[in-house]
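Here's the structure we're looking at; comments come further down.
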Amino acid sequence: MNWASVIANPYLQNLPFKIELNKWGKILMSPASNHHGILQSEAVVYLRSKLPAGRVIAECSIKTDDGVKVADVAWASDAFMRRNGETTPYEEAPEICIEIVSPSNSREEMDEKIKLYLAKGAVEVWICADDGNVSHFSRDGQMTHSTLTKEPVNLQYK
């Protein structure tokens with residue numbers, strides 16, 4: 001199965017979980033909670049306030065070496081958007097790719113997504129824990145803060 005088939009399939013629309021494809025075109029599903037959605041919305045608001053010149057994308061599909069992965073939230077510069085528009089899935093990763101960790105995610109899975117997004121051109125990958133604390137990663141490894149927003153990020157909501 002390819003990503004266009006997933007998007008066009010009426011049985012796969014409006015599901016209460018996230019869908020991705022592995023490198024063999026098999027569907028992977030992850031349940032999404034309301035808490036997960038709240039953290040996603042906090043990431044969108046944060047990125048929009050700190051990086052207003054680009055575009056914030058929720059559920060951003062990216063073609064990786066291990067199939068299509070869907071970043072929970074991404075930030076793409078105006079230059080990225082001029083190059084890629086609304087292509088689905090993107091052949092390159094936006095500058096920031098954010099994953100909100102779900103109970104079903106393993107540390108190994110998150111480490112793999114960090115590598116996949118960075119290999120496709122992401123400048124930073126943010127991993128948001130259940131409590132809203134964010135870990136920042138670049139090609140050089142883990143960072144103390146985002147080099148794009150110039151500060152450590154916490155998406156904890158009140």
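All conditions but one from (1) free of Cβ contacts under 8 Å to residues at least 40 places away in the same chain; (2) farther than 17 Å from S135 by Cβ; (3) under 13 Å from the mean Cα position of the chain (by Cα) apply to K63; the one that does not is (1).
Residue count for the range 118-158 satisfying the condition of being touching a Ser or Thr at 6+ places or on another chain (Cβ under 7 Å), under 23 Å from I38 (Cβ atoms) and not hydrophobic (A, V, I, L, M, F, W, C): 3. Within the range 102-158, if we keep just the residues that are surrounded by 14 or more Cβ atoms within 10 Å (Cβ to Cβ) and free of Cβ contacts under 8 Å to residues at least 12 places away in the same chain, the residue that is farthest from S77 (Cα to Cα) turns out to be E109.
Each value in this text was obtained by applying a stated rule to the coordinates, not by laboratory testing. Please read these numbers as outputs of a predicted model, since none were measured by experiment. Quick reminder, even Gly has a Cβ in these numbers, built from the backbone with ideal geometry, and neighbours come from all protein chains shown.
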